[in-house]
């Protein structure tokens with residue numbers, strides 16, 4: 001009887017020890033799960049920060065990086081033309097030209113006063129004045145200028161000049177350098193310049209300009 005009583009007295013102690021061990025293991029497992037979830041959360045934050053940083057850098061490279069505007073001649077129409085290939089060779093041409101300034105940037109482009117020079121065989125035969133203005137972001141400004149060209153400074157004894165007058169085709173070159181500033185976010189200002197370099201042929205008989213090409 002005494003042995004049975006002793007056996008019944010020690011059994012509850014064993015069960016209590018088992019429950020304590022199970023609770024301890026459960027607590028350890030719960031802590032490990034929380035730690036794992038916390039690590040995953042931190043990794044997610046790091047990955048999200050890296051993605052946001054990449055997006056910001058990409059925007060900085062595309063939006064904040066200034067591009068050189070385009071300055072071009074789109075069309076030219078002859079309004080008056082006088083030519084003589086006799087003993088006193090000369091030409092006088094008046095035409096109306098359409099100029100475009102295209103701004104690809106996300107900020108406006110403010111350009112200064114600009115002069116366009118016209119040449120015949122490296123001899124200056126006229127010029128056009130462009131007043132300073134502003135081109136809005138991602139837009140194109142179009143304007144027209146009337147120009148008069150004359151062969152006053154071309155040597156009348158030039159064989160090439162006489163040949164061109166007889167052939168009825170006068171090669172004309174126009175050049176200019178436009179300078180200005182690009183303003184981004186109303187804070188960042190970058191100096192930019194764009195060049196105009198175009199060639200064209202004046203067809204005397206048809207009173208037209210052809211083969212207009214800009215580099």
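The values are calculated or read from the model by the stated rules, or taken from the named source; none is laboratory data. Keep in mind the model is a prediction, meaning the values are calculated, not measured. In this analysis, Cβ positions are derived from the backbone assuming ideal geometry, glycine residues included, and neighbour counts consider all displayed protein chains.
Going by the conditions given, is residue 143 over 23 Å from residue 200 (Cβ atoms), assigned to a strand (DSSP E or B) and out of contact with any helix residue (DSSP H, G or I) (no Cβ under 7 Å at 6 or more places or on another chain)? No; evaluated as a whole, the condition is false for this residue. Residues that are in a loop (DSSP other than H, G, I, E, B) and in contact (Cβ under 8 Å) with a residue 24 or more places away in the chain within the range 156-169 comprise 156, 158, 168, listed in sequence order. Quick one: is residue 77 farther than 25 Å from residue 159 by Cα and in contact (Cβ under 8 Å) with a residue 60 or more places away in the chain? Taking the combined requirement at face value, the residue satisfies it. In the set (1) loosely packed, with under 13 Cβ neighbours inside 10 Å; (2) at pLDDT 95 or above; (3) more than 31 Å from the chain's Cα centre (by Cα), residue 159 fails one condition alone, (2).
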